[in-house]
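The values are calculated or read from the model by the stated rules, or taken from the named source; none is laboratory data. Model, not experiment: these values are computed from the prediction. Note that each Cβ is placed from the backbone with ideal geometry, even for glycine, and that neighbours are counted across all protein chains shown. Just so you know, the surface numbers come from the protein's heavy atoms only, side chains and all, with ligands and any DNA or RNA stripped out. Shrake-Rupley method; radii C 1.70, N 1.55, O 1.52, S 1.80 Å.
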Amino acid sequence: MAKTESVALIEKLIAFETISMTPNLDLIEFVRGYLEKMGVRSELVFSEDRQQANLYATVGPDDTPGVMLSGHSDVVPVKGQAWDSDPFKVRESDGRLYGRGTCDMKSFIAVVLAHVPLMLERGLKTPVHLAFSYDEEIGCVGVRRLIAMLKDLPVRPAMCVVGEPTGMKVIVAHKGKRALRVRARGLECHSSLPTAGVNAIDYAAELIGFIRTLAGRAAEQGPFDPEFEVAYTTLHTGTVRGGTALNIVPKDCAFEFEIRNLPDEDPEALVDEIKEYARERLEPEMQAVDPAAGFDFEDLSGYPGLDTDPGAEVVRFVQSLAGANDHGKMAFGTEAGLFHRRVDVPTVVCGPGFIEQAHKPNEFIALAQVALCETFMERLIDRLSA
Ligand SMILES: [Zn+2]
């Protein structure tokens, strides 16, 4: 059964409405104050407008590489979702805690914080580093500033556990993501004389069709990794907007697409293929009518995949804490790929709750999952204080 300290901290953290792209400083200040009372100093790494911050703190000796526990402080919006109760006030019912962020992923942060007193009491020989970020949900944006700071540290973490909801299963790999916005620039004219114009929607549709062709090719020809639920790289178009009236040849059309790549596949090669198709196949036709017509590409977001060797020390260590001897690979992205690739810290994902319960109305975490995470933390403290 979950301990009252963990539950009290979950309630406290959920009450901060830290929706992505809004200020998270109240939450960060609360955590900073909580740690400071126990003599643990935090370093804040602010966003450019100083409305948001990452928090980094070390519990235990600061001259030794330790185990970094990482979580994001932001949550997805609740707008348009039908909740049965206030999403920012934890409601306990049937062995579950309901609230926005209970699953993804404030419960992990709360359980970690609830165990700081025990870490100090036991006296860690190997430290625990706390790394709490902002704006993860919009493409692992905030953590990049924290990563820049980590790179400059005299002592970098020896390994990292990202506590995203995996049902406490040890995840060694996830896909990478690359998202782009494309604007087709056409030439407007009366739709009764369409040859005088360049139909931006038509050309955007051709490019969308090409992206779909690439998706089909990846599904048929691979590469494949059968440990992923969808064993190959996927591409899809998620939004499209264009045109003003049916009797006008549209001059604008914009769409957004994304690539979810197997961790060892390079999404840039696919992006290059799409750009090349636009430049070489579509733009010459468009520009024959209007030299100003064409395509613009804008990067939206992206993060690298995670691909930790299942035989790596971090995997065996975290398996022993989680009481597991297997590992998994998952579809959704986390900050783990960035820690692994940009700072060279061996990383796995392991945390309480299940992703199926995240981002939805009536998001919840089972108290049994919180209790498993507490056992994980107790074992970690045992190992690091021995
Ligand atoms: Zn998350």
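Can you spot a residue in region 78-85 that is modelled with pLDDT of 95 or more, aliphatic (A, V, I, L, M) and loosely packed, with under 15 Cβ neighbours inside 10 Å?
yes
Out of all the residues in region 297-308, is one or more more than 16 Å from the ligand (Cβ to nearest atom), more than 24 Å from Glu137 (Cβ to Cβ) and modelled with pLDDT of 95 or more?
No, the conditions are met nowhere in region 297-308.
Restricting to region 136-159, give me the number of residues that are open to solvent by less than 10 Å² (accessible area, probe 1.4 Å) and within 15 Å of the ligand (Cβ to nearest atom).
Final tally of qualifying residues: 4.
Check region 304-325 and report whether any residue there is touching a Gly at 6+ places or on another chain (Cβ under 9 Å) and closer than 30 Å to Arg185 by Cβ.
Initially, region 304-325 is screened for residues touching a Gly at 6+ places or on another chain (Cβ under 9 Å), giving 304-307.
Of the ones still in play, those that are also closer than 30 Å to Arg185 by Cβ are none.
No.
Mind checking which residues of region 339-370 are hydrophobic (A, V, I, L, M, F, W, C) and either farther than 9 Å from Pro165 by Cα or part of a helix (DSSP H, G or I) (or both)?
Hits for region 339-370 are Phe339, Val343, Val345, Val348, Ile355, Phe364, Ile365, Ala366, Leu367, Ala368, Val370.
Got a sec? Which of Glu283, Glu268, Glu256, Glu276 is open to solvent by 70 Å² or more (accessible area, probe 1.4 Å) and not aliphatic (A, V, I, L, M)? Explain how you work it out, then say what you get.
Details: Glu283 fails: open to solvent by 70 Å² or more (accessible area, probe 1.4 Å); Glu268 fails: open to solvent by 70 Å² or more (accessible area, probe 1.4 Å); Glu256 fails: open to solvent by 70 Å² or more (accessible area, probe 1.4 Å).
The unique qualifying residue is Glu276.
What is the one condition in (1) under 21 Å from the mean Cα position of the chain (by Cα); (2) of a type in the set (Ser, Thr, Tyr); (3) at pLDDT 95 or above that Tyr277 does not satisfy?
Here Tyr277 meets the rest and fails (1).
So which of Ile211, Ile201 ends up being out of contact with any Lys or Arg (no Cβ under 9 Å at 6 or more places or on another chain) and touching a residue at least 60 places away in the same chain (Cβ under 8 Å)?
Every option except Ile211 fails the conditions.
Which pairs do you get when a residue that is within 16 Å of the ligand (Cβ to nearest atom), found in region 316-335, comes within reach of a residue that is outside any loop (DSSP other than H, G, I, E, B) and of a type in the set (Lys, Arg), reach meaning Cβ atoms under 6 angstrom, with the pair 6+ apart or on two chains?
Gly333/Lys177
Conditions: (1) under 21 Å from the mean Cα position of the chain (by Cα); (2) of a type outside the set (Phe, Trp, Tyr); (3) open to solvent by less than 10 Å² (accessible area, probe 1.4 Å). Val116 meets all but one. Number of the miss?
(1)
When the residues of region 160-175 are narrowed to those that are within 13 Å of His340 (Cβ to Cβ) and within 16 Å of the ligand (Cβ to nearest atom), which ends up surrounded by the fewest Cβ atoms within 10 Å (Cβ to Cβ)? Give the steps one after another, and end with the answer.
Of all residues in region 160-175, those within 13 Å of His340 (Cβ to Cβ) come to 160-162, 171-174.
This time we only want the ones that are within 16 Å of the ligand (Cβ to nearest atom), so: 160-162, 171, 174.
Working: Cys160: 27, Val161: 28, Val162: 30, Ile171: 25, His174: 29.
Once the filter is applied, the top-ranked residue is Ile171.
Taking into account only those residues within region 1-30 that are buried (at least 21 other Cβ atoms within 10 Å of the Cβ) and either within 21 Å of Glu378 (Cβ to Cβ) or of a type outside the set (A, V, I, L, M, F, W, C) (or both), which is modelled with the lowest pLDDT?
Ala2
Of all residues in region 105-135, how many are within 15 Å of the ligand (Cβ to nearest atom) and touching a strand residue (DSSP E or B) at 6+ places or on another chain (Cβ under 7 Å)?
9
For region 277-287, does any single residue satisfy the condition of being of a type outside the set (Phe, Trp, Tyr) and either farther than 15 Å from Glu206 by Cα or assigned to a strand (DSSP E or B) (or both)?
Filtering region 277-287 for residues of a type outside the set (Phe, Trp, Tyr) gives 278-287.
Filter again for either farther than 15 Å from Glu206 by Cα or assigned to a strand (DSSP E or B) (or both), leaving 287.
Yes, the conditions are met somewhere in region 277-287.
Show me the strands (runs of 3 or more DSSP E) entirely contained within region 1-75 in which 1 or more residues are closer than 28 Å to Ala366 by Cα. Please lay out each step first, then the result.
Details: elements: 42-46, 53-59, 67-72.
Those strands (runs of 3 or more DSSP E) span 53-59, 67-72.
Can you tell me which residues in region 354-376 are among the acidic types (Asp, Glu) and within 15 Å of Val7 (Cα to Cα)? Lay out the reasoning, then the answer.
First, the residues of region 354-376 that are among the acidic types (Asp, Glu): 356, 363, 374.
Residue satisfying the conditions is Glu374 alone.
Which residues, counting only those in region 146-166, are of a type in the set (Gly, Ala, Ser) and within 17 Å of the chain's Cα centre (by Cα)?
First pass over region 146-166, keeping only residues of a type in the set (Gly, Ala, Ser): 148, 158, 163.
Answer for region 146-166, where residues must be of a type in the set (Gly, Ala, Ser) and within 17 Å of the chain's Cα centre (by Cα): just Gly163.
Which of the residues belonging to region 119-135 are more than 11 Å from the chain's Cα centre (by Cα), surrounded by 14 or more Cβ atoms within 10 Å (Cβ to Cβ) and not hydrophobic (A, V, I, L, M, F, W, C)? Let's see the steps before the verdict.
Residues of region 119-135 more than 11 Å from the chain's Cα centre (by Cα): 119-132.
Still in the running and surrounded by 14 or more Cβ atoms within 10 Å (Cβ to Cβ): 119-120, 122, 124, 126-132.
Of everything in region 119-135, those that are more than 11 Å from the chain's Cα centre (by Cα), surrounded by 14 or more Cβ atoms within 10 Å (Cβ to Cβ) and not hydrophobic (A, V, I, L, M, F, W, C) turn out to be Arg122, Thr126, Pro127, His129.
How many residues does region 31-43 contain that are touching a Leu at 6+ places or on another chain (Cβ under 8 Å) and open to solvent by 40 Å² or more (accessible area, probe 1.4 Å)?
6
Of the conditions (1) open to solvent by 10 Å² or more (accessible area, probe 1.4 Å); (2) modelled with pLDDT of 95 or more, Asp62 clears all except one; give me its number.
Failing condition for Asp62: (2).
So which residues in region 329-356 are open to solvent by 10 Å² or more (accessible area, probe 1.4 Å) and under 24 Å from Leu367 (Cβ atoms)?
Across region 329-356, the qualifying residues are Met330, Phe332, Phe354, Ile355, Glu356.
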